[in-house]
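Below is one structure, written out as structure tokens; comments come after it.
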Amino acid sequence: MNSLPLPQRLRAFWKKEWFMLSLLLAVMLASAVPALGKTGGLLRLDLLSNAGVALIFFLTGLGLSLTELRGGLLRWRVHLLVQLSTYALFPLLWWGFNTLLGRWLPPELALGFAYLCALPSTISSSVAMTALAKGNVPAAIFNATLSSLLGVILTPALLALMAGANGQGGLGLGDAVLKIAQLLLLPLVLGQLARPLLLTWHQRYKRYTSLIDRWVIIMLVFAAFSDSVEAGLWRSHGAGLLVQALAGAALLLALVLGLSTWVARRLHLAREDEIAAVFCGSKKTLASGVPMAKLLFGAHPALGVIVLPIMFYHQLQLLACSMLAGRYARRGA
């Protein structure tokens, strides 16, 4: 790679890391020209957001195989470990962090970490990393899907418990669950119902449809930061906010990876089951996280700050789990 000319090296780096770089560019553009993406701004992204999110989950439902879900059904110890990691370990770690360090964090960033810890696991990268590490793929598919479904109820409930009613921007718990179900769960069910008709089309164009979720996330991040910058984000905080968000996300990921691996080995899980449990139990979803934040926090002026922890956590989990998957695969060989 180092022998290549600089333009080719830059193109190769862009091809590999275009999503991370696009998120950074979205934040920079929103910081420079917030009038473009803010609510009611020139691009009117607020009118496109819900349609884009619904399309993501319709395509997710279209790609889910019930046969593969049934294949992972019987690994109950894996399921228990994954769901407890996602919805119990993360909130407990948040409680510890908030008790020790919360006084030094801006309230909006502390709320962002509470939100990160309440989110479900992610489907696509959990399954991909499990497959790369030669783990139990059916168990990963089942647990990542189950986590997403449970998140419709548990994410707003945990957020209300951890951050209080004000964390939901005025939405009651029942309203929050209903809105999340309408935006995320209903399109997923419709996608599953349309699977017999559209599966061939979906598989033929999967190369393109798999990019839709990333472009929608970039659009949502741009819109959220545009609103936050317009409300005075950088005037109030500055670059130190980014350092705090990155450091907190890295520490959280390291602890969850270490603890979930330790528990999986204490339970004497098979190596394939351990891989599925560690990857599914440590992941948090950016694809659901950003649109759910818009629903739960509404027109919160610091929405850009609230989604910072999940943005950093998403990139760190991909990097760390890619390296970990390689180690697991080499051990298996």
Residue within region 31-43 that is of a type in the set (Gly, Ala, Ser), exposed (fewer than 14 other Cβ atoms within 10 Å of the Cβ) and modelled with pLDDT under 85 present: yes
Count - residues of region 64-88 that are modelled with pLDDT under 85 and either in contact with a Leu (Cβ under 7 Å, 6 or more places away or on another chain) or not β-branched (Val, Ile, Thr) (or both): 11
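One line per residue, one yes/no per condition, for (1) over 25 Å from residue 315 (Cα atoms); (2) surrounded by fewer than 16 Cβ atoms within 10 Å (Cβ to Cβ):
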site	(1), (2)
190	yes, yes
196	yes, yes
205	yes, yes
217	no, no
220	no, no
223	no, no
226	no, no
231	yes, no
235	yes, yes
Sole exception among (1) among the hydroxyl-bearing types (Ser, Thr, Tyr); (2) modelled with pLDDT of 90 or more; (3) under 19 Å from the mean Cα position of the chain (by Cα) for residue 209, by number: (2)
Filtered residue count, region 52-97, keeping only those that are more than 25 Å from residue 195 (Cα to Cα) and either in contact (Cβ under 8 Å) with a residue 60 or more places away in the chain or under 21 Å from the mean Cα position of the chain (by Cα) (or both): 21
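Go through 91, 106 for me and flag whichever is over 28 Å from residue 325 (Cβ atoms) and not hydrophobic (A, V, I, L, M, F, W, C).
So the residue among 91, 106 that is over 28 Å from residue 325 (Cβ atoms) and not hydrophobic (A, V, I, L, M, F, W, C) is 106.
Being among the small types (Gly, Ala, Ser), buried (at least 24 other Cβ atoms within 10 Å of the Cβ) and part of a helix (DSSP H, G or I) is the filter here; which residues of region 113-147 pass it?
114, 118, 126, 139, 140, 144, 147
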Test: residue in region 230-251 that is of a type outside the set (D, E, K, R), part of a helix (DSSP H, G or I) and either under 21 Å from residue 50 (Cα atoms) or in contact with a His (Cβ under 8 Å, 6 or more places away or on another chain) (or both): no
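For (1) of a type in the set (A, V, I, L, M); (2) within 23 Å of residue 212 (Cα to Cα), each residue gets a yes or a no:
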position: 62; (1), (2): yes, yes
position: 65; (1), (2): no, yes
position: 85; (1), (2): no, no
position: 91; (1), (2): no, no
position: 105; (1), (2): yes, no
Unmet requirement for residue 298, which otherwise passes all of (1) more than 26 Å from residue 212 (Cβ to Cβ); (2) small (Gly, Ala, Ser); (3) surrounded by fewer than 24 Cβ atoms within 10 Å (Cβ to Cβ): (1)
Residue that is nearest to residue 122 (Cα to Cα), among those in region 194-209 that are touching a residue at least 60 places away in the same chain (Cβ under 8 Å) and of a type outside the set (Val, Ile, Thr): 206
Any hit, region 4-20, residues being in contact (Cβ under 8 Å) with a residue 24 or more places away in the chain and among the polar types (S, T, N, Q): no
Checklist (1) assigned to a helix (DSSP H, G or I); (2) over 21 Å from residue 114 (Cβ atoms) applied to residue 269, failing item: (1)
Hey, residue 223 within 29 Å of residue 277 (Cβ to Cβ), assigned to a helix (DSSP H, G or I) and not aromatic (Phe, Trp, Tyr) or not: no
In region 102-112, the residues that are surrounded by fewer than 23 Cβ atoms within 10 Å (Cβ to Cβ) and either under 18 Å from the mean Cα position of the chain (by Cα) or part of a helix (DSSP H, G or I) (or both): 102, 103, 104, 107, 108, 109
Matching residues in region 17-39 - criterion: being β-branched (Val, Ile, Thr) and assigned to a loop (DSSP other than H, G, I, E, B): 33, 39
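The values are calculated or read from the model by the stated rules, or taken from the named source; none is laboratory data. All values reported here derive from a predicted model rather than from experimental measurement. Cβ: placed from backbone, ideal geometry, glycine included. Neighbour counts: every protein chain shown.
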